[in-house]
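Trainee: Got a structure here, written out as structure tokens. Questions coming.
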Amino acid sequence: MRLATFNLLHGRSLTDGLVDPARLTAAVHALDADILALQEVDRDQSRSGHHDLTTLAAQALDAPNTASPPPSSAPPANTSAPYATTTTATANPATASA
């Protein structure tokens, strides 16, 4: 099983800053992933040409299933707060120092 992660940068290319669905699809297809985790994904946003980037990625992989959070067109109310949650690993109480 091949797991991949890909920051889509809202669909923009690092080389020229353009949103090109064919180029994005080719890049995703080249990953040949069974499971693909995407970051900075847009759907119906002007900055990404109103494309559904999750659907483009899924089509590139012939993926029958996708999952994504609901779209948000508004920035978070508190922009100083982190956008992602974090998990903290705790030491085994038997081996943790005092």
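Trainee: Amide H of ASP52: which non-local residues (sequence gap of 5 or more, or other chain) have their own amide H closer than 5 Å, using H built in the peptide plane?
Mentor: Distant-sequence amide H within range of ASP52: ASP44.
Trainee: Whole-Hz ³J(HN,Hα) for each residue in segment 37-48, computed from phi via Karplus 6.51 cos²θ - 1.76 cosθ + 1.60 with θ = phi - 60°, x for glycine and proline: what do you get?
Mentor: Residue by residue, segment 37-48 yields 9, 10, 10, 6, 9, 10, 9, 6, 10, 4, 5, 10 Hz.
Values quoted throughout were computed directly from the atomic coordinates according to the rules given, and no laboratory measurement underlies them. Quantities reported herein were computed from a predicted structural model and do not represent experimental measurements.
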